[in-house]
Number of protein chains: 2
Amino acid sequence: MFEFMTIRELYELCLSGDQVEQDSLEYVELEGWVRTNRPSGKIGFIALNDGTYFRNAQVVYSDNLKNFDEAKHISTGSAIHVLGKLKYTPEAKQPFEIEATEIEVEGACDEDYPLQKKRHSFEYLREIPHLRVRGNTFYAIFRLRSVLSMAIHEFFQSQGFVYVHTPIITGNDGEGAGEMFRATTIDDTDFEKDFFGKEAFLTVTGQLHVEAFAMAFRDVYTFGPAFRAENSNTTRHASEFWMVEPEIAFADLADDMDLMEDMIKYCIQYVLDNAPEEMKFFNQFIDKECINRITKVRDSHFARMTYTEAINLLEEAIKKGHKFENKVYWGVDLNSEHERYICEEIVKGPVFLTDYPKDIKAFYMRLNDDGKTVAAADLLVPGVGELCGGSQREERYDVLEKIMDEKGMTKDTLQWYMDLRRFGGCKHAGFGLGFDRFLMYLTGMENIRDVEPFPRTPRNLKF
Amino acid sequence: MFEFMTIRELYELCLSGDQVEQDSLEYVELEGWVRTNRPSGKIGFIALNDGTYFRNAQVVYSDNLKNFDEAKHISTGSAIHVLGKLKYTPEAKQPFEIEATEIEVEGACDEDYPLQKKRHSFEYLREIPHLRVRGNTFYAIFRLRSVLSMAIHEFFQSQGFVYVHTPIITGNDGEGAGEMFRATTIDDTDFEKDFFGKEAFLTVTGQLHVEAFAMAFRDVYTFGPAFRAENSNTTRHASEFWMVEPEIAFADLADDMDLMEDMIKYCIQYVLDNAPEEMKFFNQFIDKECINRITKVRDSHFARMTYTEAINLLEEAIKKGHKFENKVYWGVDLNSEHERYICEEIVKGPVFLTDYPKDIKAFYMRLNDDGKTVAAADLLVPGVGELCGGSQREERYDVLEKIMDEKGMTKDTLQWYMDLRRFGGCKHAGFGLGFDRFLMYLTGMENIRDVEPFPRTPRNLKF
């Protein structure tokens, strides 16, 4: 007689307008967690969430209930089991409510529950990563994180890309990309006696490894965790984060930029389609510009401009009186203020900056014919600046070797990587997307600690 | 005039029988890597693979080619660019060939290329993980790995499960699940001075963390890397591997077994549908039983039997004269020979063994009313024995605390986990699937080192 329903199913049914289906469903069974319980005289209201949908179901109970007195005292956070009559309320804010005939407490919530009704600061909630996901903001974030992950996989798989699980533990020492964690089983640095018989690190990028797979599968991508042991406490740096790194063979920088543009637009449309309630929430409570900002990007043509042009335009702006905190000259690594000025004030939309000076970019980027710049492209978007960056890779063995020498790199641990150029190498390109930062961009969340389930930062390892 | 085509597109076109489409395509452009080049007098044949499809395209060239002499000497592994006329050969083994009008070498392959035409042993190929993917076996493995990953995501996402990126670096010391790597930035064990201000490990399981998310989203899963620093050199152990760990709230062991069964069957069907050429290859060259074995499992009803029944049946078998190498008695941790006897000889199909003695199982498994066994279930399949295992989790705070005390566990780093039971805990269950071993099972590959892109094992960290 009682049909088990999730709250998502109930919303879908009620909003579908399917009268036949609706008429056939009268009594329902629900399970979930109490968000609020408001008893009032001979009646009470429970806002119930069962994890399947962003919105709650309203459960109404009265003194017809056998355990009415118990029900009135069910605390926030408790897990309950409800039998009740489904009542359609198409005129009301919620399209249905449940008139409870039975409420059973499956798991009570102790009085010291840290998530009571009132609002809590994000700082406070970071102390309880195992519980904060039960509130609206983090519930929305972490469902969106899941939806966005699937967007990434669907985008690449639908185009025939092969997903590669590049290794987390690596013998490469980071290629200058930043400080690394070591993975070890010994108490000192006698690495000959360590687990692998040599020094081992946690990866900072899967790119070098995935390039090897691009030379077999043409189009490949990684999507997995990466690490930085940098002692920087900013809102945009975490010690552990997830990266998306596609690599495409027989492709140049223009193809790479096309791929970035397609991926960003696909993901924006995907989250709007698959997490509409969550996106509405962010737009209302976190960042009133967020849906407007991302739909604008989705509908834009992404401009392309060389670094050199950008420097010229910035210098012109300075001449016209615009003030930047940091100096502008050819060769400088652009600051966020410069990047934002370019995309917000000059281009007024997303723009790829290309062909950066080789000295401020990584060793594997392809040297342009001018001998000074490399075939790199960073995507700048209004609101944040750099969103992702890529490059065509240096496929010429001798040029690669020369630049590695110039940068003073030890080549022995990267001989295998260099050898990819000797054994049927070809034109290829790829990019890296910081998944957590992309999630921040889509939602307007301002601290990377608030988009990761259990964030890891310097001196902070909660559970 | 020349239309760019991938080899997958060409096969699909030629096998589609679409005459109109076929008639409209005459001249094509291809890029890829030379698998073999067989010049013979005034003509030559190149088997070309471009990474999009398991099978090669045959490129025929003759002395009409401007650079015929160069073409004859193109070495295995080289990257080339081909223009040519598409010739349909519906009667032949390959449904088309390309009559080259132009062949350009994009990247030659040096003479010391370790993958020449002849067969190489898997041992030899393990030394060159950056190159072995270019041969048939590893090409098939790593495409299947990608396809199977997507099967996992599609299975869970289509049912509303939320994907959770549980942390890799953890403060939990492994809960007795095995030896762990430490993640560190210091050269000694003065952990107060270490990056996180305390000892940090690489995770052995995401389960404990994902349970917290099941208490908000009901149905969740992880899919990511896990680590074991065990010094065991077997064909089934790697130091780094990928795990799938779903967790379902308001669910018991029976629900958990239903989920395992559904997932296994879904994945089998998915790889047969989405990697037919690769599966055919495994069946022909790696394990002649592989497709038969997995389709049988797909079509089976998975039996369920308690551990105690299994012990009784094994003891009966011994009485009837069957010999096992290892002793059988109630309380023993079953060996692979026992597990295989049960599913291969007794059940003759997949079987869940349930309700194991608590002393041989993990602390978080729910104690049964008998006080001796726990609500665990391992799935045994013919051919390998255990494929995955799960349990209902202990949701009663006091019972959990008692068993942690019995097992001598330190509770302070797991207080957050225990607290999930105080704050609206509910009946829940989950399981773990070793992704790499599942891939071995599906393909018949016998060494875990041969299904991981860059395998990590004791004293072995290649690149």
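The values are calculated or read from the model by the stated rules, or taken from the named source; none is laboratory data. What you see is a predicted model, and the numbers here were worked out from it, not measured in a lab. All Cβ positions, glycine included, derive from the backbone under ideal geometry; neighbour counts span all protein chains shown. Please note that ligands, DNA and RNA were not included when accessible areas were found on the heavy atoms of the full protein model with its side chains. Shrake-Rupley method; radii C 1.70, N 1.55, O 1.52, S 1.80 Å.
Key figures
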{"quantity": "2 or more residues modelled with pLDDT of 95 or more and either away from chain B (no Cβ under 13 Å) or open to solvent by 10 Å² or more (accessible area, probe 1.4 Å) (or both): qualifying helices (runs of 4 or more DSSP H) within region A:187-285", "calculated": "A:253-274, A:276-281"}
{"quantity": "Region A:340-361, residues that are open to solvent by less than 50 Å² (accessible area, probe 1.4 Å) and either under 13 Å from residue A:317 (Cα atoms) or in a loop (DSSP other than H, G, I, E, B) (or both)", "calculated": "A:341, A:342, A:347, A:349, A:350, A:361"}
{"quantity": "Pair list, Cβ under 9 Å, 6 or more apart: region A:378-401 residue away from chain B (no Cβ under 14 Å) and within 30 Å of residue A:343 (Cα to Cα), other residue of a type in the set (Phe, Trp, Tyr) and open to solvent by 30 Å² or more (accessible area, probe 1.4 Å)", "calculated": "A:391/A:364"}
{"quantity": "Residue count for region A:115-127, restricted to those that are among the hydrophobic types (A, V, I, L, M, F, W, C) and away from every other protein chain (no Cβ under 11 Å)", "calculated": "2"}
{"quantity": "Odd one out for residue A:443, checked against (1) in contact with a Leu (Cβ under 9 Å, 6 or more places away or on another chain); (2) under 30 Å from residue B:132 (Cβ atoms); (3) hydroxyl-bearing (Ser, Thr, Tyr)", "calculated": "(2)"}
{"quantity": "Members of region A:13-52 that are open to solvent by less than 20 Å² (accessible area, probe 1.4 Å), in a loop (DSSP other than H, G, I, E, B) and within 14 Å of chain B (Cβ to nearest Cβ)", "calculated": "A:50, A:51"}
{"quantity": "Region B:79-136 - residue that is assigned to a loop (DSSP other than H, G, I, E, B), in the same structural domain as residue B:28 (by the TED database) and among the polar types (S, T, N, Q) and, of those, surrounded by the most Cβ atoms within 10 Å (Cβ to Cβ)", "calculated": "B:94"}
{"quantity": "Candidates B:41, B:51, B:77, B:107 - the one that is over 37 Å from the mean Cα position of the chain (by Cα) and of a type in the set (Gly, Ala, Ser)", "calculated": "B:41"}
{"quantity": "Residue count, region B:170-179 (criterion: surrounded by fewer than 22 Cβ atoms within 10 Å (Cβ to Cβ) and either assigned to a helix (DSSP H, G or I) or not charged (D, E, K, R) (or both))", "calculated": "6"}
{"quantity": "Subset of region A:286-300 that is of a type outside the set (Asp, Glu) and open to solvent by less than 40 Å² (accessible area, probe 1.4 Å) - its residue that is nearest to residue A:135 (Cα to Cα)", "calculated": "A:290"}
{"quantity": "Hits in region A:253-274 (condition: in contact with a helix residue (DSSP H, G or I) (Cβ under 7 Å, 6 or more places away or on another chain) and under 12 Å from residue A:156 (Cβ atoms))", "calculated": "A:263, A:266, A:267"}
{"quantity": "Residues located in region A:409-420, provided they are at the interface with another protein chain (Cβ under 8 Å from one of its Cβ atoms) and over 33 Å from the mean Cα position of the chain (by Cα)", "calculated": "A:419"}
{"quantity": "Condition check for residue A:10: within 14 Å of chain B (Cβ to nearest Cβ) and in a strand (DSSP E or B)", "calculated": "no"}
{"quantity": "Candidates B:25, B:65 - the one that is modelled with pLDDT of 95 or more and among the aliphatic types (A, V, I, L, M)", "calculated": "B:65"}
{"quantity": "Restricting region B:407-451 to residues that are acidic (Asp, Glu) and open to solvent by 10 Å² or more (accessible area, probe 1.4 Å), the residue that is nearest to residue B:393 (Cα to Cα)", "calculated": "B:419"}
{"quantity": "Enumeration of residues in region A:295-339 that are part of a loop (DSSP other than H, G, I, E, B) and basic (Lys, Arg)", "calculated": "A:320, A:323, A:327"}
{"quantity": "Qualifying residue in region A:63-83 (condition: out of contact with any helix residue (DSSP H, G or I) (no Cβ under 7 Å at 6 or more places or on another chain), of a type in the set (Gly, Ala, Ser) and over 20 Å from residue B:425 (Cβ atoms))", "calculated": "no"}
{"quantity": "Extreme residue, farthest from the other protein chains (Cβ to nearest Cβ), among residues of region A:53-73 that are open to solvent by 10 Å² or more (accessible area, probe 1.4 Å) and within 28 Å of residue A:15 (Cβ to Cβ)", "calculated": "A:62"}
{"quantity": "In region A:314-339, residue nearest to residue A:387 (Cα to Cα) [restricted to those that are surrounded by fewer than 18 Cβ atoms within 10 Å (Cβ to Cβ) and aliphatic (A, V, I, L, M)]", "calculated": "A:332"}
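Each row is one residue, and each column tells you yes or no for (1) touching a residue at least 60 places away in the same chain (Cβ under 8 Å); (2) within 10 Å of another protein chain (Cβ to nearest Cβ).
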| site | (1), (2) |
| --- | --- |
| B:129 | yes, yes |
| B:133 | yes, yes |
| B:139 | yes, yes |
| B:142 | yes, yes |
| B:147 | yes, yes |
| B:151 | yes, no |
| B:160 | no, yes |
| B:163 | yes, yes |
